[in-house]
Amino acid sequence: MPRIMFGAKGQVYYRRYTRFFGSDGDAAPALSHYALCRYADWEERISAWQSPVLDDRSLPSWYKSALFNELYFLADGGTIWLEVPEDALPEELVGNMCQLRPILQEYGRFGYLEGQEYRMYNTYDVHFYASFALIMLWPKLELSLQYDMALATLKEDLSWRQYLMSGVVAPVKRRNVIPHDIGDPDDEPWLRVNAYMIHDTADWKDLNLKFVLQVYRDYYLTGDQGFLRDMWPVCLAVMESEMKFDKDQDGLIENGGYADQTYDAWVTTGPSAYCGGLWLAAVAVMVQMAALCGTQDILDKFSSILSRGREAYERLLWNGHYYNYDCSSQPQSYSIMSDQCAGQWFLRASGLGEGDTEVFPTPHVVRALQTIFKFNVQAFAGGSMGAVNGMQPHGVPDRSSVQSDEVWVGVVYGLAATMIQEGLTWEGFHTAEGCYRTVWERLGLAFQTPEAYCQHQVFRSLAYMRPLSIWAMQLALQQQHNRASKPVTEQGTGLSTGPKLEPKETMANLSPE
């Protein structure tokens, strides 16, 4: 099946393998011959890839199973890998991104569904979690996806649509904001984005920030300076769009009093732990990128925002034990959110977030994670089901929404990675194990890991993208190992607020190679 069409039947696409085996639909014998001649070599390579994990006796067997088997979704998530025709890339948008055309034409266009029940390609607020699997294993596909997202960001679709939750009528896609998704397979993805109709996501607070954070993480892990140069103007544009959410100019954005982020049924009002933390992390990353790109005025601008925003975040949200869910007058304002340290998670994954690049005080981060472990993990279902999204400080799950008393498997794996990053390794493994045991053993949902489940055998959205975030745990373990093996004199204890320029000191002093 070398040729495919999506539901709208507007364009014919060729699968990427056609460049090697032709597009006439008669490649089965050649494909079979190729595989039979090489399967032994493939088995050796798979073994060489997996053996360091499988042979590591310090790692529990459930983790090894989850790490490799959760990858099923990258193949089974309605996945497509397409050739990109020359005329598919509009010149007016490609012009400022030098590597866009070469990367998309060399590595193809990659799409995978949010879930087998939630049919949208490359849902970006969820890919934020799942992307660790791509950047660690198939980094060029991650960069390809990022270029596609950058292209979609610069486009607009001013067709009017009524959104289901609020009834508001607004454009399908506005320029210079990250789209929710790249489109519906039953329509014409890439040509028509934002299949999601529940909220107007141009007003969501997390999407733009998640793009900026992923761009820097992808640069940090690949060292691809051309990619960073190409993405820098897009990051500037989306952060400019984001700044309007800081209504009082205190350096911290405010949520809008509805479910305006990936928790799309959990209302958030005013400054919040989740979106506020993502905002501060993204601002800190902009400081780093401004230094790398040699733009002192932009560096100064974001450094000033960061200084004011950090003070506001700590003053408005830190209560001595954890960061409050938000600043509303509702009881759930004091909920303990399991995902409250998501900004710190990405900073540490990107080589930042400590020492001279600290954004959130380390004692506060560790205390918050310990509080989450005590309440959201151990006080929920006897500590055997992972971390519930929201927990009241008196030890009862937050039932203010249909999502606050759920466990989100992909969020739990990201939380476990954050715990490992901060030295709470045992707590991280215990937290993640609860999800694995629940999904793969008690519920019997192997190879169809759901987005969410509740305490009493209720689950939602089978076969979902977000649990690929377990690869963030593996990255945290690798970084932990690298730190342990680095001489103490190289680890750095500076307290300055200047930018940290690792892994590349300056782009100007490095050759294109």
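Key figures for this structure:
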{"item": "Net charge dipole size for the chain [Lys, Arg +1 and Asp, Glu -1 on Cβ; Debye, nearest 20]", "result": "520"}
{"item": "Förster-model FRET efficiency, 22 Å R0, TYR17 and GLU43, C-beta, rounded to 0.05", "result": "0.60"}
{"item": "Filtered trypsin sites (Lys or Arg not before Pro), the stretch 306-400: DSSP coil and at most 13 other beta carbons within 10 Å", "result": "ARG399"}
{"item": "Global form of the stretch 361-483, assessed from the alpha-carbon gyration tensor, a/c cut-off 1.5", "result": "oblate"}
{"item": "Contour minus Cα-Cα distance for ASN69 and SER485 (0.36 nm per residue)", "result": "146.8 nm"}
{"item": "Spatial separation of Cα centroids for the stretch 174-220 and the stretch 386-422, in angstrom", "result": "24"}
{"item": "At 0.890 mPa s and 25 °C, Stokes D of the stretch 196-324 from Kirkwood alpha-carbon radius, µm² per second", "result": "162"}
{"item": "Packing rank of 448-456, 275-283, where each peptide gets the mean count of other beta carbons within 10 Å, highest leading", "result": "275-283, 448-456"}
{"item": "FRET E, pair HIS33, GLN162, Förster distance 51 Å, beta-carbon r, rounded to 0.05", "result": "0.40"}
{"item": "Cα-Cα over 27 Å, subset of LYS301/LYS486; LYS9/LYS205; LYS205/LYS301; LYS155/LYS244; LYS64/LYS374; LYS140/LYS244", "result": "LYS301/LYS486; LYS9/LYS205; LYS140/LYS244"}
{"item": "Helix runs (DSSP H) in the chain reaching 30 Å along axis by Cα, Kyte-Doolittle at least -1.0", "result": "28-54, 296-317"}
{"item": "Helix-derived mean residue ellipticity, 222 nm - over the chain, DSSP H n ≥ 4, -39500 (n - 2.57), to 500", "result": "-14000 deg cm²/dmol"}
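No lab work stands behind these numbers, since they all come straight from the coordinates. Owing to the predicted nature of the structure, the values given are computational and were not obtained by experimental measurement. A quick note on method: Cβ atoms are made from the backbone with ideal geometry, for glycine too, and the neighbour counts reach across all protein chains shown.
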